[in-house]
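Written below as structure tokens is the structure these notes are about.
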Amino acid sequence: MSREDQLRRRAKELLTKEGVVMVIGYRAGKRPGTATPAFVTRPEDADVLVFDDRCGTNLAAYLPRVKHRGKIAIVAKGCDSRSVVALLKEKQVDRGGLVILGVGCDGVKEQGRLSDSCTTCIHPNPVICDEMIGEKVAERTPAPDPLDDFERLSPDERWQALMTDVSRCIRCYACRQVCPNCYCPTCFVDASSPQWVGKTTAGSDNMMFHLMRAMHMAGRCVECGSCSRGCPMGIDLMKFNRRVAKVVKERFGAVAGLNPEELPALAAFDPSDKQEFIR
Amino acid sequence: MTAGGEFSPKIVAFLCNWCSYAGADLAGISRIQYPPSIRVIRVPCSGRVDPFYILKALQSGADGVLISGCHPGDCHYLTGNYVARRRFAVLNDLLGFAGIDPGRVSFSWVSAAEGERFAEVVREVTEKVRLLGPNRKLLKEEVA
């Protein structure tokens, strides 16, 4: 039985016999070569489910929005499963209300090319799941850190490069919408009293938004790359995310989305944390 | 801000109510001299300082920002400054990564008994920011 058949069969079973009210997975998109999230609530609809290298969207992002409906099953590749862990950590979903259908992932293709965030993926298999659909895939050797070249630039060059990048931002907040970490009922960019972030697309306001977005990702981002893929202006948002993930790992030895028992790195502390930058 | 041709920086200081604010107070009542470059904002704890405050200060025209709280272990709320320390470490790194001069934003621990130390920190921070010159990078033009 192919992986897809197995997925559809399990989805049907879960919906008919096991008290699951919704299976979150993927269906083929309208354009060829794309897939889009599918929310299957009737067993007869389970046949729309697919899984292959078009399935990029991080499905964990939908969990906080649908959890009130009852028991949810979710198709999770490596990064989705890490986002589920991140949500469990932050008590945004209840493990008992979840059935995690793990799938191994060989990387997401974007217009025929391996998505940037997938080139450095070290968790192609789910880190947490109730059952595997299909076999686990082989670990890949991650490509060298794409930040290396950027970090060699001088501070002024880095500022210029980032500024040029974020100046294109149209503040559509697609990056926030697709992000499993962004579940705040009122996002800091939407708060109007006080109004935290300038609403204009001036360079300074855009940079403020992107720096703060990065701060909010620190110790939480699982580097699924949804934000970069979701950006209509093609801004490399992962650049910020990678850097904060890197510093959190270096300084606090923490990697997001691996251990549900652990506090998020920035919600915890160690009295012996380094403080060489503090006078 | 430029007075008489020489640049004198404008620095926003977030001081924790229990230690650094009292330290600044002690510096004052002890008549210890330090540059009049800081504008103090009193916060309940260094853990109350959202990284956004720091960026917002820079965006709104500050040339530098100083954040000061209780020494580790001495937090009035026991662990506020430990949590803040992690947050500041990430922010500090992120600012450097984005190419904002590391000297713009300074962090220090000053206790209520360290009036002289507070003055010293302000002198040092002022000098650092003075050498960097006016903040241009995050500044929002309309505000300036």
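A few points about this structure:
- Counting heavy atoms of the protein chains alone, A:TRP159 has an accessible area of about 10 Å² for a 1.4 Å probe.
- 13 Å Cα-Cα reach of A:LYS239 towards aspartates and glutamates, excluding residues that sit fewer than 8 places from it in its own chain: A:ASP116, A:ASP145, A:ASP148, A:ASP149, A:GLU151, A:ASP165, A:GLU223
- Backbone HN-Hα couplings from phi across segment A:92-102 [Karplus 6.51/-1.76/1.60, Hz, Gly and Pro as x]: 8, 9, 9, 4, x, x, 10, 10, 9, 9, x
- Taking all protein chains together and rolling a 1.4 Å probe, B:CYS45 ends up with roughly 20 Å² accessible.
- Amide H contacts of B:ILE67 (H built 1.01 Å from N, in plane; Pro and chain starts excluded): B:PHE14, B:SER106, B:PHE107, B:SER108 sit under 5 Å, all sequence-distant by 5 or more or on other chains.
- Taking all protein chains together, A:THR141, A:THR120 sort by accessible area into A:THR141, A:THR120, largest first [probe 1.4 Å].
- Each of A:ARG27 and A:THR141 was given a label point 7 Å from its Cα along the Cα-to-Cβ line. The distance between the two points is 4.2 nm.
- The protein assembly as shown, dipole about Cα centre (Lys/Arg Cβ +1, Asp/Glu Cβ -1), debye to the nearest 20: 880 debye
- Restraint check, A:LYS12/A:LYS91; A:LYS249/B:LYS56; A:LYS199/B:LYS137, Cα-Cα greater than 23 Å: A:LYS12/A:LYS91; A:LYS249/B:LYS56
- Apportionment of accessible area to carbon and sulfur, segment B:1-125, percent (1.4 Å): 53 percent
- Shape class of the protein assembly as shown from the alpha-carbon gyration tensor: prolate, with a/c at 1.5 or above and a/b greater than b/c.
- 15 Å beta-carbon shell around B:GLY133, net charge (K/R +1, D/E -1): +1
- Largest accessible area first, the residues A:CYS105, A:CYS129 order themselves as A:CYS129, A:CYS105 under a 1.4 Å probe with ligands, DNA and RNA left out.
- Among B:TYR34, A:TYR173, the order of accessible area from largest down is B:TYR34, A:TYR173, computed with a 1.4 Å probe on protein heavy atoms.
- Segment A:192-279: C-alpha pair distances exceeding 17 Å, %: 58 percent
- Distance from the alpha carbon centroid of segment A:12-76 to that of segment A:84-139 works out to 14 angstrom.
- Residues whose amide H comes within less than 5 Å of that of A:ALA76, counting only those at least five positions distant or on another chain, are A:LEU101, A:GLY102, A:VAL103 (H built at 1.01 Å from N in the peptide plane).
- If you sort the three axes of the alpha carbon gyration tensor as a ≥ b ≥ c, you get a/c of 1.5 or more for segment B:1-40 and a/b no higher than b/c, which makes it oblate.
- Excluding exposed DSSP-loop GluC sites (Glu not before Pro) (at most 16 other C-beta within 10 Å), longest clean stretch of chain A: A:140-260
- Qualifying trypsin sites (Lys or Arg not before Pro) in segment A:1-54, where qualification requires a DSSP coil assignment and no more than 14 other C-beta atoms within 10 Å, comprise A:LYS30.
- Computed [θ] at 222 nm, helices only, for the protein assembly as shown once each DSSP H run of length n ≥ 4 contributes -39500 (n - 2.57): -10500 deg cm²/dmol
- Cα shape, chain B, gyration tensor, a/c 1.5 rule: oblate
- Per residue solvent-accessible surface (Å²) - the protein assembly as shown, probe of 1.4 Å: 44 Å²
- Label-to-label distance for A:GLN177 and A:ALA268 is 3.5 nm, based on points extended 7 Å past Cα in the beta-carbon direction.
- Computed from backbone phi, the HN-Hα couplings of segment A:260-273 come to x, 7, 7, 6, x, 3, 8, 9, 10, 7, 10, x, 9, 3 Hz, rounded to whole numbers (Karplus: 6.51 cos²θ - 1.76 cosθ + 1.60, θ = phi - 60°; Gly and Pro given as x).
- Couplings 3J(HN,Hα) of segment B:70-84, computed from phi: 6, 4, x, x, 10, 4, 4, 9, 6, 10, x, 6, 5, 5, 4 Hz, in residue order, whole Hz [Karplus 6.51 cos²θ - 1.76 cosθ + 1.60, θ = phi - 60°; x for Gly and Pro].
- Given charges at beta-carbon only (K, R positive; D, E negative), |dipole| of segment A:96-166 in Debye: 180 debye
- The figure for A:ASP236 is an accessible area of roughly 60 square angstrom, using a 1.4 Å probe on the protein chains alone.
The values are calculated or read from the model by the stated rules, or taken from the named source; none is laboratory data. The structure presented is a predicted model; accordingly, all values stated were derived computationally and were not measured. Backbone-built Cβ (ideal geometry, glycine too); neighbour counts: all protein chains shown. Just the protein is used for accessible areas: all its heavy atoms, side chains included, with ligands, DNA and RNA removed. Shrake-Rupley method; radii C 1.70, N 1.55, O 1.52, S 1.80 Å.
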